[in-house]
Amino acid sequence: MSAIIRFDKVSIGVGDKKILSNVSFTLNSGEKAVLCGLSGSGKSTVLKAILGLQSISQGAIYFHQVRLSSSNIAEIRHQTAYIGQEPLLAADNVHDALLLPFQFKSHRANTPSNEQIHNILAQLNLNPDILNQQSSHLSGGEKQRIALARGFLLGKKIFLLDEVTSALDSENKLALYNILDNQELTILSVAHDRDWIDRCQSVLELESGQLIRISQRDNT
Amino acid sequence: MTTLDIALPQMVVLYGLCLLPWLLLWLIGLRLSRDVIIGIIRMSIQLALVGFYLKTLFAANDPLLNTLWILVMIIIADFSILQRAGLKTRYFIWSTLIAISVSTVFSAMYLVILVIQPNNFYDAHYVIPLVGMILGNCLQGNVIALERFYSSLHKNESEYMTFLLLGATRWEAVRPYYQAAIKAAISPTLAGMSTMGLVSLPGMMTGQILGGNEPWLAVKYQIAIMICIFTSTTLACIINLKLSLQNAFNNYDILKADVIKFKAK
């Protein structure tokens with residue numbers, strides 16, 4: 001298994017406050033990992049740092065063995081889907097939100113067909129009628145699943161997920177687990193959901209910005 | 001016809017007119033006496049100085065002196081734009097300077113050399129007032145463009161980041177705010193052109209008519225100046241915002257935290 005993301009003694013601070021201290025871990029291809037810890041322990045910061053949204057004060061992040069820098073940040077963002085707790089769909093309705101990234105030059109050639117859109121919605125247990133709904137009328141869980149659908153339509157294989165199951169009922173959670181269990185997907189998530197944590201191969205426990213424990217298990 | 005002079009006693013009578021708005025403002029409870037007095041004094045001193053400088057410039061009619069005067073006007077406009085837009089000078093000083101210089105000089109020279117065609121293209125009687133008018137309007141447009149662009153980018157930072165994370169380049173991600181800012185900046189000029197002559201007589205035309213020129217000549221000059229103002233404002237705003245993108249973002253395409261002086265989301 002090749003390393004997709006590697007944190008090498010990463011520290012992040014804002015002013016005098018340290019958000020992450022000396023964090024090191026590796027996320028391999030196809031691995032599902034979860035970051036656990038209390039609120040404010042630095043979990044979301046780990047995800048944002050990978051996307052270049054948070055400046056690193058010490059250490060380095062490697063993406064496919066290449067150090068994260070301004071020269072490869074566009075490629076990292078291109079390959080990675082980030083789904084936050086309150087994802088912004090950035091379009092008036094769901095249909096436009098799903099097609100939004102295909103307006104950009106990097107994805108323009110891969111605009112999905114209606115059939116592909118309907119397939120992905122079905123896999124996420126979403127009714128096709130949702131396509132005509134106003135984005136502002138969606139629940140938090142629906143927004144997250146639409147953002148996930150957007151990631152799948154873009155053909156992303158690396159997902160950074162921040163509490164994507166917290167707003168879902170058990171039926172929708174199951175549908176989501178089934179789609180995320182794909183061996184081709186590499187996932188680094190933040191979660192408190194026990195069922196999801198049990199499905200992950202690695203559990204990274206953070207406390208006050210420090211990685212205090214990494215538990216590995218074989219779920220295959 | 002020659003323009004009638006306003007003698008000193010009549011100037012005193014003129015200032016007396018200010019007592020009316022001052023009194024009305026005081027009666028409705030607005031304590032603006034200090035602002036009114038400062039405004040009138042500043043205007044009078046500044047215009048008196050300009051009158052003095054212009055007299056000297058016109059008498060000398062020296063291309064070097066004219067260029068120097070234009071340069072001073074552009075530099076003052078540069079600082080004024082950034083101050084009024086609430087942006088950090090060090091990030092935008094060069095982009096704004098280049099944008100307003102290129103657009104103003106281009107429009108003014110186009111008008112003077114190709115349209116008006118005086119004997120000397122650097123003739124102070126034409127170059128100085130025309131550049132002044134174009135620059136003044138350009139200044140207002142650039143204040144609106146910069147302020148609107150960076151405040152909306154700051155306000156919609158999450159949306160901008162979403163665009164980036166969905167594969168947009170920096171340019172693709174800022175484009176909606178860029179287009180909105182340019183539209184806001186040129187809208188007053190466009191609206192002004194649409195109602196010109198119907199709602200009010202424009203300043204330059206009024207000046208020419210008072211100066212004894214035929215209304216038709218005044219109309220032609222007014223059309224010329226409006227086209228130049230529209231061209232230079234559009235050009236300056238487009239160039240300015242585009243150049244400013246180089247310094248306002250970090251290497252990861254994130255808007256630098258300190259580009260805006262006063263932040264309110």
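When restricted to residues that are assigned to a helix (DSSP H, G or I) and either of a type in the set (Gly, Ala, Ser) or crowded, with 19+ Cβ neighbours inside 10 Å (or both), the range A:132-165 contains 16. Specify which of the listed residues (B:Thr162, B:Thr169) is buried (at least 18 other Cβ atoms within 10 Å of the Cβ) and polar (S, T, N, Q). Step by step, each of B:Thr162, B:Thr169 is checked, and only B:Thr162 is buried (at least 18 other Cβ atoms within 10 Å of the Cβ) and polar (S, T, N, Q). Taken over the range A:46-59, the criterion of being part of a strand (DSSP E or B) and polar (S, T, N, Q) is satisfied by A:Gln58 alone. Of the residues making up the range B:130-186, those that are more than 10 Å from chain A (Cβ to nearest Cβ) and either at positive phi or among the aromatic types (Phe, Trp, Tyr) (or both) number 4. Within the range A:103-115, residues that are more than 12 Å from every other protein chain (Cβ to nearest Cβ) reach partners that are in a loop (DSSP other than H, G, I, E, B) with beta carbons closer than 9 Å, at six or more positions or on different chains, in the pairs A:Pro112/A:Leu154. Taking the criterion of being facing another protein chain (nearest Cβ under 9 Å) and either of a type in the set (Ser, Thr, Tyr) or part of a loop (DSSP other than H, G, I, E, B) (or both), the only residue of the range A:90-102 that qualifies is A:Ala90. Of all residue pairs spaced 6 or more apart or on separate chains, those with beta-carbon atoms under 6 Å, a first member in the range B:66-81 that is over 16 Å from B:Leu130 (Cβ atoms) and a second member that is assigned to a helix (DSSP H, G or I) are B:Asp78/B:Thr96; B:Asp78/B:Leu97; B:Ile81/B:Thr96; B:Ile81/B:Leu139; B:Ile81/B:Asn142; B:Ile81/B:Val143.
Would you check if there is a residue in the range A:171-185 being in a strand (DSSP E or B), in contact with a strand residue (DSSP E or B) (Cβ under 7 Å, 6 or more places away or on another chain) and buried (at least 19 other Cβ atoms within 10 Å of the Cβ)?
The initial filter retains those residues of the range A:171-185 that are in a strand (DSSP E or B), namely none.
Among the residues of the range A:171-185, not one is in a strand (DSSP E or B), in contact with a strand residue (DSSP E or B) (Cβ under 7 Å, 6 or more places away or on another chain) and buried (at least 19 other Cβ atoms within 10 Å of the Cβ), which makes the answer no.
Does B:Gly192 satisfy the condition of being farther than 21 Å from B:Val72 by Cα, modelled with pLDDT under 95 and not in a helix (DSSP H, G or I)?
No, not satisfied.
Taking the numbered list (1) closer than 23 Å to A:Asp181 by Cβ; (2) of a type in the set (Phe, Trp, Tyr); (3) away from every other protein chain (no Cβ under 13 Å) in turn, A:Tyr62 passes all entries but (1). Tell me, which residue of the range A:116-137 that is closer than 17 Å to A:Lys173 by Cα and within 21 Å of the chain's Cα centre (by Cα) is nearest to the other protein chains (Cβ to nearest Cβ)? Checking each candidate, the answer is A:Ile120.
As for the range B:214-224, it holds no residue that is exposed (fewer than 15 other Cβ atoms within 10 Å of the Cβ) and either within 14 Å of chain A (Cβ to nearest Cβ) or of a type in the set (Gly, Ala, Ser) (or both).
Can you find a residue in the range A:12-28 that is more than 13 Å from every other protein chain (Cβ to nearest Cβ), surrounded by fewer than 17 Cβ atoms within 10 Å (Cβ to Cβ) and out of contact with any strand residue (DSSP E or B) (no Cβ under 9 Å at 6 or more places or on another chain)? Yes, the conditions are met somewhere in the range A:12-28.
Hey, does the range A:193-203 have a residue that's under 14 Å from A:Tyr82 (Cβ atoms) and among the acidic types (Asp, Glu)?
Checked against the condition, which is being under 14 Å from A:Tyr82 (Cβ atoms) and among the acidic types (Asp, Glu), the range A:193-203 yields no hits at all.
Considering every residue within the range A:80-89, establish whether at least one is among the β-branched types (Val, Ile, Thr), touching a residue at least 40 places away in the same chain (Cβ under 8 Å) and within 14 Å of another protein chain (Cβ to nearest Cβ). Even if it seems obvious, please write down each step before you answer.
Quick first cut of the range A:80-89, residues among the β-branched types (Val, Ile, Thr) only: A:80, A:83.
Restricting the remaining residues to those that are touching a residue at least 40 places away in the same chain (Cβ under 8 Å) gives A:80, A:83.
Cutting the leftovers down to within 14 Å of another protein chain (Cβ to nearest Cβ) gives us A:80, A:83.
The answer is yes, given that some residue of the range A:80-89 is among the β-branched types (Val, Ile, Thr), touching a residue at least 40 places away in the same chain (Cβ under 8 Å) and within 14 Å of another protein chain (Cβ to nearest Cβ).
The values are calculated or read from the model by the stated rules, or taken from the named source; none is laboratory data. The structure displayed is predicted, hence computed values, not measured ones. No Cβ is skipped: glycine too gets one built from the backbone with ideal geometry, and neighbour counts run over all protein chains shown.
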